[in-house]
Amino acid sequence: MFVLSILLLIAAVVLFLVGRGRTTDGGWRIGAAISAVAGVLAGVFSCVHVVSAYEVGVPVTFGGVGAPLTSGIQVTSPFTEVTTFSTRPVDLNLNDKDTVEVRSSQGGVLYADVTVKWAVVPAKAVALYRLAGSEEGVEERLVLPDSREIIRNVFAQHTSEEGYASAREQIGSEIAALIKARLAPRGIDVTVVNLRNVKPSAELQKQIDKKIQQEQATERAVEAQRTATAEAERKRIEAEGTAAANKILERSLTDKVLYNQCLAAYREAAKANPVYAVPCGTDSGGTPVIVDGTGDQ
């Protein structure tokens, strides 16, 4: 813009000089005036920079870096270039082709999908400019490589099963804390780190499936053994109960008891046959007893 201003002013001078020699034509002088006004306006605009809301600008004049420019209209030297950085959170999505390949403490390969939400701290914009040169450079040179390194290091401290299942929340918290601690001193505010998905590799998935099948087979064998043990215990208790009952019955079956049971049985039978001899007796000879249907002995 400043170069355009100089060219317009030079054009205005040339038009003015040419028009001065031609008293009958005032068009040259009008053109010179217009060119001069345009040159002045271009020069003014070259000294004005508008920094948008949620941005911070870093001015560079002849290689020298100035203080950060806040949002609004800023007046600078016409030779100053302003590089802006967004202060809004920016998403770094590590998925699809950028998915992070990690290894567990057991050597299993997993693929982690992670989103890192980061933003430039305005007061650190100049330092970040010196480190990376632009907002894209900050992401490519600082946020991305540091995040990948930390993600791999954290997963390497956990087993494969912890990585894809039991400790995913803990791993996500560890990754977030380490990334924030690494980038904060550089002027990068990490607001959110989201471990969205962890997928085992094909080879690791085969090992997982095989382990699950082995565990299920073991559980079935243990359950079968538990059932057999319980059935054996039930039968033992039942046999002990039967034996105890038989001993009690054996002690209680005296001759008198057997005699009374015999009479009761044949008395019931006498209802169909009024009178018959019953081979019951209380002595060793078993003297017969006559039973009739009236219930009298």
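The values are calculated or read from the model by the stated rules, or taken from the named source; none is laboratory data. Please read these numbers as outputs of a predicted model, since none were measured by experiment. As a convention, Cβ positions derive from the backbone with ideal geometry for all residues, glycine included, and neighbour counts pool all protein chains shown.
Cβ-Cβ distances below 8 Å connect the following pairs, each with a first residue in the range 114-139 that is touching a residue at least 24 places away in the same chain (Cβ under 8 Å), a second residue that is of a type in the set (A, V, I, L, M) and assigned to a loop (DSSP other than H, G, I, E, B), and a separation of six or more residues or different chains: VAL126/ALA67.
State which residue is farthest from GLY63 (Cα to Cα) when the search covers only the range 128-143 and only residues that are buried (at least 16 other Cβ atoms within 10 Å of the Cβ) and of a type outside the set (Asp, Glu).
Residues of the range 128-143 that are buried (at least 16 other Cβ atoms within 10 Å of the Cβ), as a first pass: 128-129, 132, 135, 138-139, 142-143.
Subset that is of a type outside the set (Asp, Glu): 128-129, 132, 138, 142-143.
Numbers: LEU128: 16, TYR129: 12, ALA132: 15, VAL138: 20, LEU142: 23, VAL143: 26 Å.
Filtering the range 128-143 for residues that are buried (at least 16 other Cβ atoms within 10 Å of the Cβ) and of a type outside the set (Asp, Glu), the one farthest from GLY63 (Cα to Cα) comes out as VAL143.
Say whether the condition of being at pLDDT below 80, within 30 Å of SER105 (Cα to Cα) and exposed (fewer than 10 other Cβ atoms within 10 Å of the Cβ) is met by at least one residue in the range 187-202. Checking the range 187-202: at least one residue is at pLDDT below 80, within 30 Å of SER105 (Cα to Cα) and exposed (fewer than 10 other Cβ atoms within 10 Å of the Cβ).
Checking each residue in the range 49-63 for being at pLDDT 75 or above and more than 18 Å from SER134 (Cβ to Cβ) picks out ALA53, PHE62. Considering only residues in the range 65-85 that are in contact with a strand residue (DSSP E or B) (Cβ under 6 Å, 6 or more places away or on another chain) and under 13 Å from GLY133 (Cβ atoms), the one that is modelled with the lowest pLDDT turns out to be GLU81.
Is there a residue in the range 92-108 that is within 19 Å of LEU69 (Cα to Cα) and not β-branched (Val, Ile, Thr)? No: the range 92-108 contains no residue that is within 19 Å of LEU69 (Cα to Cα) and not β-branched (Val, Ile, Thr). Filtering the range 144-166 to residues that are exposed (fewer than 15 other Cβ atoms within 10 Å of the Cβ) and under 14 Å from the mean Cα position of the chain (by Cα) leaves ALA165, SER166.
For the range 107-120, indicate whether the set of residues that are out of contact with any His (no Cβ under 6 Å at 6 or more places or on another chain), among the charged types (D, E, K, R) and assigned to a helix (DSSP H, G or I) is non-empty. Within the range 107-120 (the criterion being out of contact with any His (no Cβ under 6 Å at 6 or more places or on another chain), among the charged types (D, E, K, R) and assigned to a helix (DSSP H, G or I)), the answer is no, since none of the residues qualifies.
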